[in-house]
1. Quick one: Debye curve from the alpha-carbon atoms of region B:379-427 only, equal weights, vacuum; give me log10 I(q)/I(0) at q = 0.20, 0.33 Å⁻¹ to two decimals.
2. If R₀ is 35 angstrom, what is the calculated FRET efficiency for the pair B:A166 and A:E281, using the beta carbon separation as r and rounding to 0.05?
3. Please pull out the direction-averaged projected area of region A:127-197, using the convex hull of its alpha-carbon atoms, in nm² to one decimal place.
4. Compute a Gaussian network model of chain A, connecting alpha carbons closer than 10 Å, and tell me which residue from A:G213, A:G245, A:G132 fluctuates the most.
5. Give me the angle, in degrees from 0 to 90, between the Cα long axis of helix A:229-241 and the longest principal axis of the Cα atoms of chain A, rounded to the nearest 10.
6. Report the semi-axes of the equivalent ellipsoid for region A:83-143 in whole Å, largest first, where each axis is √(5λ) for an eigenvalue λ of the Cα gyration tensor.
7. Let me know the Rg and Dmax you get for chain A when you use only its Cα atoms, in Å.
8. Let me know the Rg and Dmax you get for region B:33-175 when you use only its Cα atoms, in Å.
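Every number in this text was worked out from the coordinates using simple rules, so none of it is lab data. Here the structure is a predicted model, which is why all the values come from computation and not from measurement. Here Cβ is always computed from backbone atoms with ideal geometry, including for glycine, and neighbour counts include all displayed protein chains.
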Amino acid sequence: MAQLREGLAKSRKALQQQFASVLFDRFDEDLWERIEEALIYADVGVDSTVSIVEALEEQANAGAIKDSAELLAKLREVTANHFCKADTRIDIAHRPAVILMVGVNGTGKTTTIGKIAWHLKELGKEPILIAGDTFRAAAIEQLVEWGRRVGCEVVRHERGGDPGAVVYDGLAAAEARGADVAIIDTAGRLHTQVNLMKELEKVRRVIEKRIPGAPHESLLCIDATTGQNGLIQARMFKEAVELTGVVITKMDGTAKGGIALAVSHELDLPIKLIGTGERLESLQPFDAVGFAAMLFDESLGRR
Amino acid sequence: MVFDSLSDKLQVAFDGLRRQGKLTDKDVERAAREIRLALLEADVNFKVVKEFVEKVKTRALGSEVLESLTPAQQFIKIVNEELTSLMGSASTKLTFSPRPPTVIMMVGLQGSGKTTACGKLANFLLAQGKSPALVAGDVYRPAAIEQLKTLGGQLGVPVYDEGDQADPVDIAKHGVSWAQDKGRDVLIIDTAGRLHIDEKLMEELVRIRQTVKPHNILLVLDAMTGQDAVNVALQFQERVRFDGVILTKMDGDARGGAALSVRAVTGKPVKFASAGEKLDSFEYFHPDRVASRILGMGDVLSLIEKAERTIDEKKAREMEQRLRKATFTFDDFLDQIQQVRKMGSISSLLGMIPGIPSAKLKGLQVDDKAFDKIQAMISSMTPEERRHPDIINGSRRRRIAAGSGTDIHALNQLLTQFKQVQKMMRQLGSGRVPKNPFQMFGNPS
């Protein structure tokens, strides 16, 4: 968390200067267009951008914004308010608490699972990992490697096996060992692959049947570089497994991850975690105000 | 989504404007707004969008509307031409070295699909008669080497690796001489996925490039990438100087606007498109397909072009003669079905018709097999029966049904439909045009 704050403080300062000197010296059509562009550039998408700008314009017209500093504050506030208000914490108040990770290929599901497990260990909890990605070459080995680094058990079957079966066995193992949290990896799949989405629904049913009330968290991994397709992805996964939240990964790059806002706002899903790098500890809680501020740093200066 | 189909929106934007001959200022402005939104929704970088829209506007202003097109179609034509020319005017071919092995180096962000693309490219080269080999240069991601070896095993392509403790620069260097010894003519080097701002790893790529001097460097880019694609491409361009792009995950429903952004800012062509989990879903990039995909609309113009190419003019004149005489026979019917089918599947043709909202098409399952049945039934008729369907009695019906492997019920349906078509054709001959042109082909279901 400290890492994020430090970074944010820096960008905030730079941001204020930019806003004040370069951008918000005039209140005209151009200004609104520039705000729009900043949001579009951050991958917030046309719908959410229009919604934010309209809310801001309303306040400006009502006389609530007098100068550029106020406008900056309002822009951040309005943007932060566009995120879904639901609890952004991960529910681990069960034993075992079951977390299901889903997402399209290459978004960082397996890596995120490694990081969550590491953080749970730090909290003194005992996680168990379940290798539900039986499809991708070496996906099981990758999870086993994370298990080794973190120091926790990984339940696995052979590659090409039935994901439902390994999930069932994994949950049985979690109960037998008295693990605190069971984290289930699944194969990356495009939301357009009907059969694979059906398979995911089945995995969810297996979990529900084995442990009533589970999964307690169904998290969708979205890569921060994802554009507007992220919205469609989230909609389809939400339908298939009743998502409880979203993890935005690879936030350590130059992508703004504005798709998080579109997904959260338009599908009413809380963003729960932010992945920021390759290291085990590079996982942070989500903070709407900080994220909103980050969306605008330097991108405005780059136009 | 803001809109389902750009083509619908443009129809609305040009509503009330009925072939006035020229596109006016106001029309162009409204249409340009729709194009701008469409491109932004497709994740084309906003700066690229701005420039592109300006260009289209300049060309569209005052341009003559072709007689056969509506103003909306005219505008789409201009947009489409600009888009295709921007994306398509460079070669997609790989450079092959006269002295093998030809070295291809793959670079890109984590999760873009590099390792899978390595396997697919190897498979693609195998199909071209090459003998490729792979080098496992990703020593960082857990099990990346395993993944490449598994792919190599599936394809029967050898994989060179030195485990995950060696230096990727050495691995690449040794890999080249290994491939020479083994007599492999193309060598594909997998590298670790990295963020374009990761100095250390970018430096490593530069060293690999300097050491093995690859003949092709390909940037692997996820089709779902958003606005950041420009930063990624520029950084890789500046540091590693790639030659072309492989656009991955094209089997999803992302519009792939990143392809346009990358082309616009780096000038590098997209060479390959990769779709799906199977190793053979990999092909040369078709700019026209992606152009229409980015716009999120059926390609109106290619329908027009296809129709022009396919329907033979002489046949059309003969048909007209028959129409005038209202002697439309089963032979003509069969001929028409075949002409139409030459253009592609019926469902894909429907997608190209402007004015049919894509939402309506979604629920509509056109079964192309139904046309097979109709063709079979007509083929089972004697020439006499085809010319005079009225003579088809009970025993003829049984024979035709048995001969075509269908049943009497289906044949009866066809005969009823044919009578309707004949009636419609007579109306057509007398100058009354039916509203729905697709009634011409009967209702196959």
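1. Values, matching the q order: -0.66, -1.32.
2. 0.85
3. 4.8 nm²
4. A:G213
5. For A:229-241 against chain A, the angle is about 40 degrees.
6. Equivalent-ellipsoid dimensions as semi-axes: 22, 16, 10 Å.
7. Looking at chain A, its Cα Rg and Dmax stand at 20.7, 66 Å.
8. 22.6, 68
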